[in-house]
Amino acid sequence: MTTVRVCQDQEEWDEYVLEHEGHPLQLWGWGQVKTAHGWVADRLFAYDDEDRVVAAAQILTRHLPWPLRAFSYVPRGPLGSQASDQTFLDLLADYVKRHHHSVALSLEPDTEEFLLPHGWQKSVNKVLPAQTIILDLTKSDSDLLAAMAKKTRQYIRKSAAEAMAIKQVRSRDELNKCLAIYHQTSKRANFGLHDDQYYYDVFNQMEDHAVIFAAYVENVPVAFLWLALSAETAFEQYGGVNEVGQQLRVNYALKWYAIRKAKEWGINRYDFGGLLGDGEGVTTFKKGWTDHETELVGTFDKPLSAWYGLWKSGLPAAKSFVHRLRSMKK
């Protein structure tokens, strides 16, 4: 019989995630980041009859106003040999219903195939986008380049020839300079940001599982790219470029540098962090890096409350309202 128990040991948890090709958003540090900003992180191991761990899930819960009470989701998980087992998934749902009174549990697996469990439903609402680009880093550099758009290859070569340097960001001072670029990018592209403390917490809590690369011109950063890392996956989280960087197209050389570094470190998957479907701008830039897109399975919900219908219909409206509010403040 499958049972679930809470894990309280960071080393034990991260070791399992890394050994079982888990996503970086399932690492302990990511749960700590979210905990510092209004969420609750629960890390659950599933055990079989012989007390062996067969699956795991880091669940993030956000408490909501009455009558919804709370919402729980598993970012890019679960993982393990029985990650899609019906009993395990139902035990996760029972846990959040019992401990958090959640209106629903959402799963967003890091996979392209996932059977719909009984009692669960495919959801149009999402936290993370299902459409993305994932490069197979077991391929050679030449094969990766061959799959790119001709213009992308040209800009990689051209920007790499500019008088710039690419370095890893290691200090708070250099991080602040990157965040200044991020604020400029946000204003120009009209997307919202967390407060700066959020990014400081990512920098500190993710430790070796987060890396920031920045392109410098005359020792001043003009673009940056921030990755979350596990043993299997490099996941783009944040990035930005200022006007100088745009003119020199340094983000091409920067991204290619990050891809090759991840490959050098033995990481097999490079995830561009999602496609927004805007048809231009960032999405067009990302699509130039390969000849195919990746469609992950998306979001699965287990309704846990009579108020689930309100949550399901109200979430898109709430997101739209928040986006409009942020736009008005710019």
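The values are calculated or read from the model by the stated rules, or taken from the named source; none is laboratory data. The model shown is predicted, which means the values in this text are computed figures rather than measured ones. Here the Cβ is made from the backbone with ideal geometry for all residues, glycine too, and neighbour counts use every protein chain on show.
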Top-ranked residue of region 103-133 - restricted to ones that are under 12 Å from residue 302 (Cα atoms) and assigned to a loop (DSSP other than H, G, I, E, B), ranked as modelled with the lowest pLDDT: 116
Matching option when the condition is more than 26 Å from residue 268 (Cβ to Cβ), more than 15 Å from the chain's Cα centre (by Cα) and not in a loop (DSSP other than H, G, I, E, B), among 41, 46: 41
Listing of helices (runs of 4 or more DSSP H) fully contained in region 134-206 that carry 3 or more residues being surrounded by 13 or more Cβ atoms within 10 Å (Cβ to Cβ) and outside the structural domain of residue 37 (by TED's automatic domain parsing): 150-160, 172-189, 196-205
From the options 40, 33, 53, residue that is surrounded by fewer than 18 Cβ atoms within 10 Å (Cβ to Cβ), in contact (Cβ under 8 Å) with a residue 60 or more places away in the chain and outside the structural domain of residue 234 (by TED's automatic domain parsing): 40
Close pairs from region 74-94: first assigned by TED's automatic domain parsing to the domain that holds residue 25, partner assigned to a helix (DSSP H, G or I) and among the charged types (D, E, K, R), Cβ under 9 Å, at least 6 apart: 75/34
Count of region 207-254 residues which are over 26 Å from residue 134 (Cβ atoms), among the polar types (S, T, N, Q) and assigned to a loop (DSSP other than H, G, I, E, B): 2
